[in-house]
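A.B. asks: Can you keep this structure in mind? I'll have questions shortly.
The values are calculated or read from the model by the stated rules, or taken from the named source; none is laboratory data. Here the structure is a predicted model, which means the values were calculated and not measured. Don't worry about glycine lacking a Cβ; one is built from the backbone with ideal geometry, like all the others, and counts go over all protein chains shown. Quick note on the areas: whole protein, heavy atoms, side chains included, nothing else; ligands and nucleic acids left out. Shrake-Rupley method; radii C 1.70, N 1.55, O 1.52, S 1.80 Å.
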Amino acid sequence: MKKNNLKKKLDKGPVICAEGFLFEIERRGYMSSGEFVPMVSLDHPEVLENLHREFQHAGSDIVEAFTYNGHREKMRVIGKEELLEPLNRAALKIAKKVANDTSKGSNPNLMAGNISNSNIWKHNDKNAQKEVEGMFSEMIGWAVEEGADMLIGETFYYAEEAFRALEVMKKTGLPTVLTISPMGENKMRDGKSVVDTCKELEQRGADVVGLNCFRGPATMFPYLKEIRKAVKCHVGALPIPYRTNKDYPTFFNLPDRNDCECPSPHGRTFPTALDPHFCNRYEISKFSKDSYALGINYLGVCCGANPMLIREVAESVGLKVPASKYREKMENHFMYGKNKRIPKHMKDYGDKA
Ligand SMILES: [Zn+2]
C-alpha cells in the first residue's frame, strides 16, 4: 500500500522533493559549516520544523527527515555518539509531524527516512563495509519505527556503498529512492560508470534512481539524459543550484570569479563562498522543465536549495502550490512595473537607477 503511494504518484506526474537542508540550516545560523552535523533536530527543533513547513508551502510532496550526516561515524567525529539515536528519532518525528499536517485537507505528504554517504566506505575493505552496513541498518530501523512512508539513500559516490544502502533499505519493503553523486572524475570512486551504477540500482530493485548533489544543472543534465534512456524505472534529478561547468563538474573545486577581492580563508569557495556561482531561479526552472520533458518525474534541488527554488521547480512542471500566491509580480514594481499607476517619470528613470 505504502509502496504504491510513491509509485502511483510518480506514474501520474511530477513529485517534488526538497533536499539541501544542510546548507539552508547553516545559512540560518543553526549549524557549523564544514563540520555539518544536523544537531538542529535536538538543539532547535522549531527551526527544523519551520524549514520543513516552508518547503512544503513551496510545493515539496516529500518531507525528508534531516538525518544527513546524522550517522554514527559523524557523531563519533564530534564526540557525541550518545546523541545518535535521539537525534535521528527527533528528526524523524519532526518530519512525520509536518508530513501529516498538510494544508486544506489535502493528502498527507510522504515522510522519508534518509541514509547517505558514510565517508568511511572503502573499496575492498570488508571491515569498513561491515561497519557502514551497521550504520545504515540502525538508521533505517529508527526510520521504520518512526513511521517513514519511503526511504531515500542519497549522495553516494561509491557504487558499492549505494548497492549496500539499497540492500538495507529493501529489507523494509518500503519504496526506495537511490540517488548517486559522482565527483569530478565523472565516475564512481570504485570505477563504475554513472549510467551503469543507475542500471544496476534498478536491477537491484530501486523504485527511483538518479542523481543528487555536487553537480549543478550544466554538469548533471547530460547524465540524466543517458540515465533516462538506460532505465525503465522512475528517475530523480536533484542538482545543486550552482554554476558548475566542464572544467569544474562539481562544487568542490569551483574557483571564484576573478572579481573576488576577499576569498575564503580556507582557500576554496566550497562550502562558504559559493554565493557568486548561485543559479538564478530561471536556470533552476529551466533545468526542471527540461528534465520533466525527458520523462523525469522525481524533481528537487539539493545543497543550496531554498523554498523559492522549490517553488520554481514545482511551477516549472505546471503545479500550483501554496507559495504560488506570492510568485513574482513585476508589473507592480515602483520603477519597472507596467501598472498604470506607476508614474512616467519613474518608469523613464529605470535605466539610470
Ligand atoms: Zn546536497
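A.B. asks: Pick from the stretch 56-85 the residues that are more than 16 Å from the ligand (Cβ to nearest atom) and small (Gly, Ala, Ser): which of them is surrounded by the fewest Cβ atoms within 10 Å (Cβ to Cβ)?
C.D. replies: GLY79
A.B. asks: Does the stretch 40-55 hold any residues that are open to solvent by less than 20 Å² (accessible area, probe 1.4 Å) and over 28 Å from ARG327 (Cα atoms), and which are they?
C.D. replies: Selection gives VAL40, SER41.
A.B. asks: Moving on. Please indicate, with yes or no, whether at least one residue in the stretch 264-286 is within 16 Å of the ligand (Cβ to nearest atom), open to solvent by less than 20 Å² (accessible area, probe 1.4 Å), touching a helix residue (DSSP H, G or I) at 6+ places or on another chain (Cβ under 8 Å) and farther than 26 Å from LYS7 by Cα.
C.D. replies: yes
A.B. asks: Can you spot a residue in the stretch 5-28 that is surrounded by fewer than 19 Cβ atoms within 10 Å (Cβ to Cβ), closer than 22 Å to THR102 by Cβ and of a type in the set (Asp, Glu)?
C.D. replies: Scanning the stretch 5-28, I find at least one residue that is surrounded by fewer than 19 Cβ atoms within 10 Å (Cβ to Cβ), closer than 22 Å to THR102 by Cβ and of a type in the set (Asp, Glu), so the answer is yes.
A.B. asks: Based on this model, can you work out whether ALA148 counts as modelled with pLDDT of 95 or more, under 23 Å from LYS7 (Cβ atoms) and among the small types (Gly, Ala, Ser)?
C.D. replies: Numbers: modelled with pLDDT of 95 or more: yes; under 23 Å from LYS7 (Cβ atoms): yes; among the small types (Gly, Ala, Ser): yes.
For ALA148, the condition - modelled with pLDDT of 95 or more, under 23 Å from LYS7 (Cβ atoms) and among the small types (Gly, Ala, Ser) - is met.
A.B. asks: Please pick out the residue among ASN339, ASN253 that is out of contact with any strand residue (DSSP E or B) (no Cβ under 6 Å at 6 or more places or on another chain), farther than 15 Å from ARG215 by Cβ and not in a helix (DSSP H, G or I).
C.D. replies: After applying the criteria, what remains is ASN339.
A.B. asks: Also: Of the conditions (1) on the phi < 0 side of the Ramachandran plot; (2) surrounded by fewer than 24 Cβ atoms within 10 Å (Cβ to Cβ); (3) touching a helix residue (DSSP H, G or I) at 6+ places or on another chain (Cβ under 8 Å); (4) not in a helix (DSSP H, G or I), ASN119 satisfies every one except a single condition; which number is it?
C.D. replies: (1)
A.B. asks: If PHE163 passes every condition in (1) under 18 Å from CYS213 (Cβ atoms); (2) of a type outside the set (S, T, N, Q); (3) outside any strand (DSSP E or B) but one, which one does it miss?
C.D. replies: Status for PHE163: all satisfied but (1).
A.B. asks: Just the residues that are of a type in the set (Asp, Glu) and at pLDDT 95 or above, please, taken from the stretch 74-108.
C.D. replies: Within the stretch 74-108, GLU81, GLU82, GLU85 meet the criteria.
A.B. asks: Applying the selection to the stretch 56-78, what residues are part of a helix (DSSP H, G or I) and out of contact with any Leu (no Cβ under 7 Å at 6 or more places or on another chain)?
C.D. replies: Once the filter is applied, which keeps residues that are part of a helix (DSSP H, G or I) and out of contact with any Leu (no Cβ under 7 Å at 6 or more places or on another chain), the stretch 56-78 yields GLN56, HIS57, GLU73, LYS74, ARG76, VAL77.
A.B. asks: What number of residues in the stretch 219-244 are touching a helix residue (DSSP H, G or I) at 6+ places or on another chain (Cβ under 7 Å), part of a loop (DSSP other than H, G, I, E, B) and crowded, with 24+ Cβ neighbours inside 10 Å?
C.D. replies: 3
A.B. asks: If you take the residues of the stretch 173-218 that are farther than 15 Å from ALA162 by Cα and more than 16 Å from the ligand (Cβ to nearest atom), which of them is most open to solvent (accessible area, probe 1.4 Å)?
C.D. replies: GLU185
A.B. asks: Same structure, new question: Return the residues of the stretch 15-55 that are in a loop (DSSP other than H, G, I, E, B) and either touching a strand residue (DSSP E or B) at 6+ places or on another chain (Cβ under 8 Å) or within 13 Å of the ligand (Cβ to nearest atom) (or both); say none if nothing qualifies.
C.D. replies: GLU19, GLY20, PHE36, PRO38
A.B. asks: Of the numbered conditions (1) open to solvent by less than 50 Å² (accessible area, probe 1.4 Å); (2) farther than 25 Å from LYS8 by Cα, ALA143 fails exactly one; give the number of that condition.
C.D. replies: (2)
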